[in-house]
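So the structure is just underneath, and the comments pick up after that.
The values are calculated or read from the model by the stated rules, or taken from the named source; none is laboratory data. Just so you know, these numbers come straight off a predicted model, no measurement behind them. All Cβ positions, even for glycine, are placed from backbone atoms using ideal geometry, and neighbour counts span all protein chains on display. Surface areas here come from the heavy atoms of the whole protein model, side chains and all, with no ligands, DNA or RNA. Shrake-Rupley method; radii C 1.70, N 1.55, O 1.52, S 1.80 Å.
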Amino acid sequence: RLKIVVTTMSDSEQLRSQYEEYSYPGHLPYFALPNRGQDLASIAFPEANQILVAGCGNFEPLVVAAANPHAEITAVDLSQNSLTILERRLLYAKCTQVLPHHWFSEGFGKVKTMCADVEQGDLFESHSFDAVVCTGVLHHSSAPGKMISILSRWMRPGAMLRLMQYAPHS
C-alpha cells in the first residue's frame, strides 16, 4: 500500500528557498561595490546611529553603509546565501578601502548580518532603530500592514522609514 503525504511550504519557506537558489540582486558582478563618488543623499540619514535594512539582499547594506559612515547597520534577510555574498562583499570593501577602514575592527564592523524572517516581529526590542530601509520586500508579505506595523514598532520616535514597493504591474 502506497501512502501519499502532501506537505506545503509556508510563504516564508518558499521565499527563503527561492532566494537561496537565486540571490538578490542576481545581476551584479560578484565583487560589486558601491561606486566611489556616487550620489547617496537619498539614502543618507544624518541623525541615525542605528539603521535596519530589512530584507537586505546581498548589496543594499553596502550602499546604506557608504551613505551613513557614522551609523551601525543591521542587515536582515531570509536567505543565508544572500548574506554570505554580502559578507564577502564587505570583506572585499575592507580590502579595497571603499568603506572606512575603522569599521572593520571586529568582524564586519558596523554592518551586522542576521538570517531571519522580518515578519517574526520579535527580532528586536521596540524603539531599536533611528532609520529603517525596506526595499522591494513588502510585496512578498501576505500581510503587508502587519509588516509595516512590525517595522514601526522597531523604530524610535522620530525615526525615518524608507520604503520602496514595486508598482502592481511592474
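When the solvent-accessible surface of protein heavy atoms is calculated with a 1.4 angstrom probe, in what order do S17, S128 fall, highest first?
S17, S128
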Calculated FRET efficiency for the pair Q80/H169, C-beta based, R₀ 25 Å, to 0.05: 0.20
With labels modelled as points extended 7 Å from the Cα through the Cβ direction, what inter-label distance (nm, one decimal) is found for A41 paired with S128? 3.3
At what distance in nm do the modelled label points of A32 and K112 sit from each other, each positioned 7 Å from its Cα along Cα→Cβ? 2.7
So the FRET efficiency between T96 and A143, C-beta based with R0 = 45 Å and rounded to 0.05, is 0.65
I need the fraction of alpha carbon pairs in the stretch 105-157 separated by more than 16 Å, rounded to a whole percent. 48
Kindly give the semi-axes, whole Å and largest first, of the ellipsoid equivalent to the stretch 29-99, taking each as the square root of 5 times a Cα gyration tensor eigenvalue. 18, 16, 10
